[in-house]
Amino acid sequence: MRYPELAAGTLLRRYKRFLADVRLDDGREVVAHCPNTGSMRAVNVPGCRVWLAPSDKPERKLAWTWELIELPQPDGGLALASVHTGRANRIVEEALRAEVVDELSGVGKWRREARVEGARLDFHRPGEDGRDTYVEVKQVTLRETDGHGYFPDAVSERGRKHLETLATLAAEGQRAVLLFFVAHEAIADVAPAAHLDPAYAETLLRVAGQGVEIMARGIDVERSDDQRPLAIRLGEALPVRLG
């Protein structure tokens, strides 16, 4: 997924869930749309460099959208994280349609937003043998001080219900997949966040034993010579720590 030309600035604060004050590099202070309804634990860090996408649509109340943040790392480096949760499905969809996820390659056309058992899952592909594939995508940006990645970053009853739906599909003989989209360059593995949502962690461990496949993929960010983010795509497979 290619970005429009992004503008750099410094995060001042995020508030009212959907708003963020940013001081652009040219000195202007702007209010940007924050397309993330979660807690943004560990990625809502005032003082960090952020990247905003512009919009020239007259119907938009806000002219900027917060896309990325650069987070300082213990080794003195910086890692990009995508805070725009709406980008996850688009990036995964591009990868699925391009057949670059080997574990999910095969015959059939991917469809978005499959309604199943009173829930809505992100992707569905009919199978020729009657065994369909269902994929639910969850974006991961929480990197705790122990250096590991975790999901969720707050209690997620909706996420837990998605796991139950996937388990039901697996019990019916369908292929059910949970794909962690790890949108943080410094996260090298993922585990359920039992310290934040023990019910989700317990459910994830249970459904993994009931036939739900758990996968994780990182990100690959393309940058210009001056380090401006140009594009983001699905990266390599990452370990999922269930034990």
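Between Ala193 and residues 5 or more places away or on another chain, which pairs have amide H atoms under 5 Å apart, with H built 1.01 Å from N, and which residues are they?
Amide H to amide H, under 5 Å and 5 or more residues apart or across chains, Ala193 pairs with Phe151.
Whole Å is fine, so just give me how far the alpha carbon centre of the stretch 185-202 lies from that of the stretch 16-66.
Comparing the Cα centres of the stretch 185-202 and the stretch 16-66, I get a distance of 26 Å.
Taking the alpha-carbon distance from Lys61 and a cut-off under 18 Å, which aspartates and glutamates remain once sequence neighbours fewer than 8 residues away in the same chain are dropped?
List returned: Asp21, Glu29.
Report the one residue of Leu204, Val155, Ala193 whose Cα lies farthest in the direction of the positive end of the charge dipole of the stretch 141-207 (charges on C-beta: Lys and Arg +1, Asp and Glu -1; origin at the Cα centre).
Leu204
Given a 1.4 angstrom probe, I'd like the percentage of the accessible area of the chain that is carbon and sulfur, rounded to a whole number.
47
If you plug each phi of the stretch 74-82 into the Karplus form 6.51 cos²θ - 1.76 cosθ + 1.60 with θ = phi - 60°, what whole-Hz ³J(HN,Hα) values come out, in order, with x for Gly and Pro?
Whole-Hz 3J(HN,Hα) from phi for the stretch 74-82: x, 7, x, x, 10, 10, 7, 9, 8.
Report the antiparallel proportion of the DSSP beta bridges in the chain as a percent, rounded to a multiple of 5.
70
Accessible area per residue for the stretch 152-243 in Å², computed with a 1.4 Å probe and the full protein assembly in place, what is it?
Computed with neighbouring chains in place, this is 42 Å² per residue.
Expressed as a rounded percentage, what relative contact order does the chain have, with Cα pairs under 8 Å and six or more residues apart?
16
With θ taken as phi - 60° and the coefficients 6.51, -1.76 and 1.60, list the Karplus ³J(HN,Hα) couplings across the stretch 7-16 in order, rounded to whole Hz; mark glycine and proline as x.
Each residue of the stretch 7-16 in turn: 9, 9, x, 10, 6, 9, 5, 10, 8, 6 Hz.
Under 29 Å from the Cα of Lys161, which lysines turn up, not counting those fewer than eight places away in the same chain?
In chain and number order, the partners are Lys16, Lys109, Lys138.
Could you tell me which residue out of Ile232, Leu62, Ile91 lies farthest along the dipole of the chain toward its positive end? Charges go on the beta carbon: Lys and Arg +1, Asp and Glu -1, centred on the Cα centre.
Leu62
Check Tyr3: other-chain or 5+ apart residues with amide H under 5 Å from its amide H, H built from backbone geometry?
Ala231, Ile232
With volume of the Cα convex hull per residue in Å³ as the read-out, I listed (i) 120; (ii) 206; (iii) 140; which label goes with the value calculated from this structure?
Here the calculated entry is (iii).
What residue among Gly149, Gly211, Gly118 has the largest mean-square fluctuation in a Gaussian network model of the chain, using Cα springs under 10 Å?
Result for the chain, Cα springs under 10 Å: Gly118 fluctuates most.
Quickly work out the Ala63-to-Glu29 label distance, labels modelled 7 Å from Cα along the C-beta direction, and quote it in nm with one decimal.
Computed distance between label sites Glu29 and Ala63 equals 1.7 nm.
Calculate one ³J(HN,Hα) per residue across the stretch 178-192 by plugging θ = phi - 60° into the Karplus curve 6.51 cos²θ - 1.76 cosθ + 1.60, and present them in order as whole Hz with x for glycine and proline.
For the stretch 178-192, the Karplus-derived couplings read 9, 10, 7, 8, 8, 8, 8, 4, 8, 8, 10, 7, 9, 9, x Hz, x marking Gly and Pro.
I want to check the label-to-label distance for Ser105 and Ala154. Put each point 7 Å from Cα in the C-beta direction and report it in nm to one decimal.
Rounded to a tenth, the inter-label distance reads 4.0 nm.
Output the 0 to 90 degree angle, nearest 10, between the alpha-carbon long axis of helix 198-208 and the longest principal axis computed from the alpha carbons of the chain.
Taking Cα atoms only, the helix is inclined about 50 degrees.
Tilt of helix 157-171 relative to the longest C-alpha principal axis of the chain, in degrees (0 to 90, nearest 10)?
30
Would you mind working out the magnitude of the charge dipole of the stretch 10-90 relative to its Cα centre, with +1 at each Lys and Arg C-beta and -1 at each Asp and Glu C-beta, to the nearest 20 Debye?
400
Is there a quick way to get the dipole size of the chain? I mean about its Cα centre, with the Cβ of Lys and Arg at +1 and of Asp and Glu at -1; what is the value in debye to the nearest 20?
840
Please list, ordered by chain and number, the residues whose modelled amide H lies under 5 Å from the amide H of Lys138; skip anything fewer than 5 residues away on the same chain.
Leu179, Phe180, Phe181
The values are calculated or read from the model by the stated rules, or taken from the named source; none is laboratory data. A quick note: this is a predicted structure, and the numbers were derived from the prediction, not measured. Note: ideal-geometry Cβ built from the backbone for every residue, glycine included; neighbour counts use all protein chains shown. Quick note on the areas: whole protein, heavy atoms, side chains included, nothing else; ligands and nucleic acids left out. Shrake-Rupley method; radii C 1.70, N 1.55, O 1.52, S 1.80 Å.
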